[in-house]
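Here's the structure, in structure tokens; my notes come after.
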Amino acid sequence: MTLTPAQQRAVAWLALAAAVFGALWLLAPVLSPFVAAGVLAYALAPLVERLSRRMPRLLAVLLVETGVIVLLLTLVLMVVPILLKELPLLREQIPVMAARLNESLSPWLAQWGFTLSLDVASIKDFVIRHLGANSEDVAAAVLGSVKLGGSVLLAVVGNLVLIPVVLFYLLMDWPQVLARVWTLVPPKFRDSAAGFLRETDDMLGHYLRGQLMVMGALALYYTVALALAGFELAVPLGVFTGMAIFIPYVGFGLGLVLSLLAGVLQFTSLYGVLAVLVIYGVGQVVESLWLTPRLVGERIGLSPLMVIFVLLAFGHLLGFVGVLVALPLSAIGLVALARARRRYLGSDLYLK
């Protein structure tokens, strides 16, 4: 069977896409820092371009990259005070909670014919052994894990060093990189390709800007609400929950669990649990019914469940690289499907 020119072009593009996907799959471990730097460069390039109109490009790149590194380190360090505060409280409160359960729950269950008796001494011994380690024990455990997983540690440290370096060079040469990529597009397809890329860029830009505004608003809300409720860890818990919202449902769930744990340990009463449930319930309703529809809208075309699916699917296929390219590739696919739908609705096949 002889293929028409249009069919031959379609087959060629499909083969090219398959080759790119295969290369990503085979080289995923090596490409991780480069893809991560590329995604960051795409997101940060507009800010660098604006700043470079007022100052040398080198200074603009250094300012933007330093700001991003400081922000990411701040978010990671938000978890440290939570752990430092809650681990000692856990060590103190778990035996007390076990004793209270014995006193209150055991008689009630006995009325129904159930026998329950917690071994408080064993629980206390377990807690002291696993949560009572001093700094020397922790250091020894860390050194032991380094010996066992040295290659993994080396890879992580290597990526943490390599990503900022690659990001710097990409941001410095971003206009030249785009120009070189553009020369690979066949001239007769450049008009349609330009429109296609504009739609994709607009969709991703709208999604990223909207998500950043949602994250900022929720971080402020959770911080203020937890502080008014009397939580000592209101700032790290609130900011961490707001920033983690970028991962749909998973980020909210993690922030909720940490806040529930903090509430139980700090107040040792039902008040902490109820306060967290009310604060996070109101936050989830406001985010779902007002913030996300208003600030993100429907232009991305991906529901939160679909975002989770594409992240898991691409992550399963390509590992960390898949997580990085999931949303950009999904946006490209959505634009392509939207264009195909418009063509179909205007075709003779549909109209006749």
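For the range 1-43, name all the residues that are touching a Gly at 6+ places or on another chain (Cβ under 9 Å) and modelled with pLDDT of 85 or more.
Of everything in the range 1-43, nothing turns out to be touching a Gly at 6+ places or on another chain (Cβ under 9 Å) and modelled with pLDDT of 85 or more.
Can you find a residue that is part of a helix (DSSP H, G or I), over 30 Å from ALA234 (Cβ atoms) and modelled with pLDDT under 90 anywhere in the range 70-93? Explain how you work it out, then say what you get.
Taking the range 70-93 first, the residues part of a helix (DSSP H, G or I) are 70-77, 79-93.
When the remaining residues are screened for being over 30 Å from ALA234 (Cβ atoms), the result is none.
So far as the range 70-93 goes, no, none of its residues is part of a helix (DSSP H, G or I), over 30 Å from ALA234 (Cβ atoms) and modelled with pLDDT under 90.
Do we have any residue at all in the range 164-171 that's in contact with a helix residue (DSSP H, G or I) (Cβ under 8 Å, 6 or more places away or on another chain), more than 18 Å from GLU49 (Cβ to Cβ) and surrounded by 13 or more Cβ atoms within 10 Å (Cβ to Cβ)?
Yes, because at least one residue in the range 164-171 is in contact with a helix residue (DSSP H, G or I) (Cβ under 8 Å, 6 or more places away or on another chain), more than 18 Å from GLU49 (Cβ to Cβ) and surrounded by 13 or more Cβ atoms within 10 Å (Cβ to Cβ).
Does GLY195 qualify as being small (Gly, Ala, Ser) and modelled with pLDDT under 80?
Working: small (Gly, Ala, Ser): yes; modelled with pLDDT under 80: no.
Answer is no for this residue.
Every residue, every condition in (1) in contact with a strand residue (DSSP E or B) (Cβ under 6 Å, 6 or more places away or on another chain); (2) of a type outside the set (A, V, I, L, M, F, W, C); (3) in a helix (DSSP H, G or I); (4) without any contact (Cβ under 8 Å) to a residue 40 or more places away in the chain, yes or no:
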position: ALA17; (1), (2), (3), (4): no, no, yes, yes
position: TYR42; (1), (2), (3), (4): no, yes, yes, no
position: LEU58; (1), (2), (3), (4): no, no, yes, no
position: VAL64; (1), (2), (3), (4): no, no, yes, no
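Output the qualifying pairs, or none if there are none: Cβ atoms under 6 angstrom, residues six or more apart or on different chains, first residue in the range 168-185 and closer than 15 Å to LEU59 by Cα, second residue in a helix (DSSP H, G or I) and β-branched (Val, Ile, Thr).
LEU171/VAL48; LEU171/VAL61; MET172/VAL61
Cβ-Cβ below 9 Å, separation at least six or inter-chain, first residue in the range 28-40 and within 17 Å of LEU208 (Cα to Cα), second of a type in the set (A, V, I, L, M) and at pLDDT below 75: which pairs?
Hits for this filter: ALA36/VAL321; ALA36/LEU324; GLY38/LEU324; GLY38/VAL325; VAL39/LEU324; VAL39/VAL325; VAL39/LEU327.
Give the residue, chosen from ARG50, ARG54, that is among the basic types (Lys, Arg), part of a helix (DSSP H, G or I) and either exposed (fewer than 12 other Cβ atoms within 10 Å of the Cβ) or touching a strand residue (DSSP E or B) at 6+ places or on another chain (Cβ under 8 Å) (or both). Break it down stepwise before answering.
On the way: ARG54 fails: part of a helix (DSSP H, G or I).
Criteria check complete, one pass: ARG50.
Can you tell me which residue in the range 245-266 is farthest from the chain's Cα centre (by Cα), limited to those that are surrounded by 23 or more Cβ atoms within 10 Å (Cβ to Cβ) and either at pLDDT 80 or above or farther than 26 Å from TYR207 by Cβ (or both)?
Here is the first cut: in the range 245-266, the residues surrounded by 23 or more Cβ atoms within 10 Å (Cβ to Cβ) are 245, 255, 259, 262-263.
From what's left, either at pLDDT 80 or above or farther than 26 Å from TYR207 by Cβ (or both): 255, 259, 262-263.
Values: GLY255: 13, SER259: 19, ALA262: 23, GLY263: 25 Å.
Ranking the candidates gives GLY263 first.
Each row is one residue, and each column tells you yes or no for (1) charged (D, E, K, R); (2) within 29 Å of the chain's Cα centre (by Cα); (3) modelled with pLDDT of 60 or more.
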position: GLY150; (1), (2), (3): no, yes, no
position: ALA155; (1), (2), (3): no, yes, yes
position: VAL161; (1), (2), (3): no, yes, yes
position: LEU167; (1), (2), (3): no, yes, yes
position: PRO175; (1), (2), (3): no, yes, yes
position: THR183; (1), (2), (3): no, no, yes
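Condition first: crowded, with 19+ Cβ neighbours inside 10 Å, of a type outside the set (Val, Ile, Thr) and more than 20 Å from VAL285 (Cβ to Cβ). Can you find one or more residues in the range 206-223 that meet it?
Looking for residues that are crowded, with 19+ Cβ neighbours inside 10 Å, of a type outside the set (Val, Ile, Thr) and more than 20 Å from VAL285 (Cβ to Cβ), one finds at least one in the range 206-223, hence yes.
Those residues that are within 25 Å of the chain's Cα centre (by Cα) and farther than 26 Å from LEU71 by Cα, I need them from the range 226-244; list them, please.
Those that are within 25 Å of the chain's Cα centre (by Cα) and farther than 26 Å from LEU71 by Cα: none in the range 226-244.
The values are calculated or read from the model by the stated rules, or taken from the named source; none is laboratory data. From a predicted model like this one, the values you see are computed outputs, not experimental measurements. In this analysis, Cβ positions are derived from the backbone assuming ideal geometry, glycine residues included, and neighbour counts consider all displayed protein chains.
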